[in-house]
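What follows is a set of notes on a single structure, which appears directly below.
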């Protein structure tokens, strides 16, 4: 028998032997992640939790997006003529401004990811410690995302739509009657997060930047503080939550080397990124670090680096610090101040700052 004939006969026999079994066509999709083959392993749960943080570092979020709102205060001006920035400053924003219109949608995308975790992870066969951490991260990041849109787009007249794992497949999400409903949900999520999350001191170097117990308690205090503008009784709860941060057992403490100016400045340095003063920060990724330092830097960076010179501190902010306050020099650069820049030391001057100052902290 020719080899070709033998092969065809074997294939026919194989087809005959297996053709009556349903399992032959019951195949698991390969090569593409789908709802059918995800939410199975510890690696899946970890990947889902990692995805909760990716929107934080986006240019339109904490890269610079949320900072545009500081234009509405007396602390900062935009160093370029931008009608959209003026709209934010004058409280005449229409929602179409490119500077701020993406953060609302991106926040809800982040919330959707949290909801997917909260819907699917409880039923996964993974260790209890990993399950608790991932669920705690989802509760925290959902509250964190709601905090930053509810405090900007909600008030006593209406809140922002509440989307959870229970209703996320609906078509319509009406606004709640008051932002208090958002605060109520955030408090509930943050309390659950604080119960489920571990202390930051238990994290290895590769997990630093994840949500942890102290961060949940700190944002719980912050949420109560914002809620207190509508209900003064929440101030006491804010104080309780803030006090709890110091008693979790994570050895929270101020840096104290005997040099207050150096200690304060070092909190914002890379080598003290995860110091005993660290509670929470917007993390960046290896693939795209935060764009904020470049946004704040002198336009053209004195010919050495192309800063944008967008956000510039005002004289009013500078004068808020008392003379001798070590925080002022670490926060705002004034004419003649020395600062490190690209491996050297420069004396500050500006050729284009509208205020004559530059942010130094970042």
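With 348, 310, 278 as the choices, which residue is more than 25 Å from residue 99 (Cβ to Cβ), in contact with a strand residue (DSSP E or B) (Cβ under 7 Å, 6 or more places away or on another chain) and crowded, with 18+ Cβ neighbours inside 10 Å? Break it down stepwise before answering.
Values: 310 fails: more than 25 Å from residue 99 (Cβ to Cβ); 278 fails: in contact with a strand residue (DSSP E or B) (Cβ under 7 Å, 6 or more places away or on another chain).
Being more than 25 Å from residue 99 (Cβ to Cβ), in contact with a strand residue (DSSP E or B) (Cβ under 7 Å, 6 or more places away or on another chain) and crowded, with 18+ Cβ neighbours inside 10 Å holds for just one of 348, 310, 278, which is 348.
Scanning segment 56-113 for residues that are free of Cβ contacts under 8 Å to residues at least 12 places away in the same chain and surrounded by 15 or more Cβ atoms within 10 Å (Cβ to Cβ) returns 87, 93, 101.
Residues considered: 261, 282. Of these, the only one that is at pLDDT below 90, touching a helix residue (DSSP H, G or I) at 6+ places or on another chain (Cβ under 7 Å), outside the structural domain of residue 141 (by TED's automatic domain parsing) and over 24 Å from residue 71 (Cβ atoms) is 261. Listed conditions (1) within 17 Å of residue 70 (Cα to Cα); (2) part of a helix (DSSP H, G or I); (3) in contact with a strand residue (DSSP E or B) (Cβ under 6 Å, 6 or more places away or on another chain) are all met by residue 301, apart from (1). Per this entry, residue 166 is counted among residues that are in the same structural domain as residue 110 (by TED's automatic domain parsing), without any contact (Cβ under 8 Å) to a residue 12 or more places away in the chain and within 23 Å of residue 51 (Cα to Cα).
Out of segment 321-340, which residues are surrounded by fewer than 16 Cβ atoms within 10 Å (Cβ to Cβ) and out of contact with any helix residue (DSSP H, G or I) (no Cβ under 7 Å at 6 or more places or on another chain)? Residues satisfying the conditions are 322, 323, 324, 325, 335, 336, 338, 339, 340.
Among the residues examined, residue 332 does not qualify as modelled with pLDDT of 90 or more and over 26 Å from residue 99 (Cα atoms).
Among the conditions (1) part of a helix (DSSP H, G or I); (2) in the same structural domain as residue 357 (by TED's automatic domain parsing); (3) touching a residue at least 40 places away in the same chain (Cβ under 8 Å), residue 309 misses just one, which is (1).
Of all the listed residues (89, 112), the sole one being over 13 Å from the mean Cα position of the chain (by Cα) and closer than 15 Å to residue 312 by Cα is 89.
Once segment 347-362 is narrowed to residues that are part of a strand (DSSP E or B) and under 13 Å from residue 297 (Cα atoms), the residue that is nearest to the chain's Cα centre (by Cα) is 359. Against the numbered list (1) surrounded by 13 or more Cβ atoms within 10 Å (Cβ to Cβ); (2) assigned to a helix (DSSP H, G or I); (3) modelled with pLDDT under 90, residue 318 comes up short only at (3). Here residue 204 clears all of (1) surrounded by fewer than 19 Cβ atoms within 10 Å (Cβ to Cβ); (2) more than 25 Å from residue 50 (Cα to Cα) except the condition numbered (2).
Picking from residues in segment 181-206 that are at pLDDT 95 or above and outside any helix (DSSP H, G or I), the one that is nearest to the chain's Cα centre (by Cα) is 197.
From the residues in segment 223-272 that are assigned to a loop (DSSP other than H, G, I, E, B) and in contact (Cβ under 8 Å) with a residue 40 or more places away in the chain, which one is surrounded by the most Cβ atoms within 10 Å (Cβ to Cβ)? Here the answer is 250.
The values are calculated or read from the model by the stated rules, or taken from the named source; none is laboratory data. Treat the numbers as computed from the prediction; the structure is a model and nothing was measured. Note: ideal-geometry Cβ built from the backbone for every residue, glycine included; neighbour counts use all protein chains shown.
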